[in-house]
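Read the structure below first, then the notes.
The values are calculated or read from the model by the stated rules, or taken from the named source; none is laboratory data. Predicted model only: the values in this text are computed from it and were never measured. Cβ placement follows ideal geometry from the backbone for every residue including glycine, while neighbour counts extend to all protein chains displayed. All accessible areas refer to the heavy atoms of the entire protein, side chains included, with ligands and DNA or RNA removed. Shrake-Rupley method; radii C 1.70, N 1.55, O 1.52, S 1.80 Å.
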Amino acid sequence: MTLLPNIMTLLRIAGSLGLLFCDVANDSFWIIYALCGISDIADGWLARKLKCVTKTGALLDSLADICFVACLCPLLLPILELPQWLWLWAGVIVAIKIVNQTSALVMYGCFQFPHTLANKITGFLLFIAVPMTFQSIIPITIVAAIASFAAIHEHYIITNMIKQI
């Protein structure tokens, strides 16, 4: 029973990879998309409920999140009509995230994925905002603002962890 959250996370990785074989215009894509998003919420909740939160599970969850986004990018980016300033903003957020992980890797010898409230809110809102972005850029713009805060907050946490060494 204590492995169930990690199994759910592994299924999210499999589902994310499965999205690569689906047409975005097909219902199967959006069903798998929804299942991946729901499992992202459920695995952490279940791990806390079963009192089986582990560093391995947290790392696996972060890797599943990266896999989900990485699989969605080649499918959705070509068809999303976003203004250039929003693409640039997204690039800045990604750059901050890369700097965060590079700093952690250099200082700790491993990646650090703080599961902050801001990161959790960003992930949840991003999951909801992506389908809405086909109608309006307002939801994704709100997510970009929160993601910016989350990335800067993450940088602050990692930097302070490094200072404590």
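I'd like to verify a number: residues in the stretch 19-32 that are without any contact (Cβ under 8 Å) to a residue 40 or more places away in the chain, surrounded by fewer than 16 Cβ atoms within 10 Å (Cβ to Cβ) and part of a helix (DSSP H, G or I), how many?
Of the residues in the stretch 19-32, 3 are without any contact (Cβ under 8 Å) to a residue 40 or more places away in the chain, surrounded by fewer than 16 Cβ atoms within 10 Å (Cβ to Cβ) and part of a helix (DSSP H, G or I).
Let me spell it out: the conditions are (1) over 14 Å from the mean Cα position of the chain (by Cα); (2) open to solvent by 70 Å² or more (accessible area, probe 1.4 Å); (3) more than 19 Å from Val92 (Cα to Cα), and Phe124 meets all of them except one. Which number is the exception?
All conditions pass for Phe124, except number (1).
State the number of residues belonging to the stretch 95-114 that are surrounded by 12 or more Cβ atoms within 10 Å (Cβ to Cβ) and within 16 Å of the chain's Cα centre (by Cα).
8
Looking at the stretch 81-94, which of its residues are surrounded by fewer than 16 Cβ atoms within 10 Å (Cβ to Cβ) and either in contact (Cβ under 8 Å) with a residue 40 or more places away in the chain or in a helix (DSSP H, G or I) (or both)? Spell out how you get there, then give the answer.
Filtering the stretch 81-94 down to residues surrounded by fewer than 16 Cβ atoms within 10 Å (Cβ to Cβ) leaves 81-88, 91-92, 94.
The answer is Leu82, Pro83, Gln84, Trp85, Leu86, Trp87, Leu88, Gly91, Val92, Val94.
Out of Phe134, Phe124, Phe111, I need the residue that is of a type outside the set (S, T, N, Q) and closer than 19 Å to Ser148 by Cβ. Which one? First the steps, then the outcome.
On the way: Phe134 fails: closer than 19 Å to Ser148 by Cβ; Phe111 fails: closer than 19 Å to Ser148 by Cβ.
So the residue among Phe134, Phe124, Phe111 that is of a type outside the set (S, T, N, Q) and closer than 19 Å to Ser148 by Cβ is Phe124.
Of the conditions (1) open to solvent by less than 90 Å² (accessible area, probe 1.4 Å); (2) in a loop (DSSP other than H, G, I, E, B); (3) not polar (S, T, N, Q), Gly44 clears all except one; give me its number.
(2)
Return the pairs, sorted by first residue and then second, in which the second residue is open to solvent by less than 50 Å² (accessible area, probe 1.4 Å) and not basic (Lys, Arg), the first residue lies in the stretch 142-154 and is over 11 Å from Asn119 (Cα atoms), the beta carbons are less than 8 Å apart, and the residues are 6+ apart or on different chains.
Ile142/Ala129; Ala144/Leu86; Ala144/Ala90; Ala144/Ile93
Of the residues Ala58, Ala150, which is within 21 Å of Gly15 (Cα to Cα) and among the aliphatic types (A, V, I, L, M)? Lay out the reasoning, then the answer.
Working: Ala150 fails: within 21 Å of Gly15 (Cα to Cα).
Ala58 is the lone residue from the list that is within 21 Å of Gly15 (Cα to Cα) and among the aliphatic types (A, V, I, L, M).
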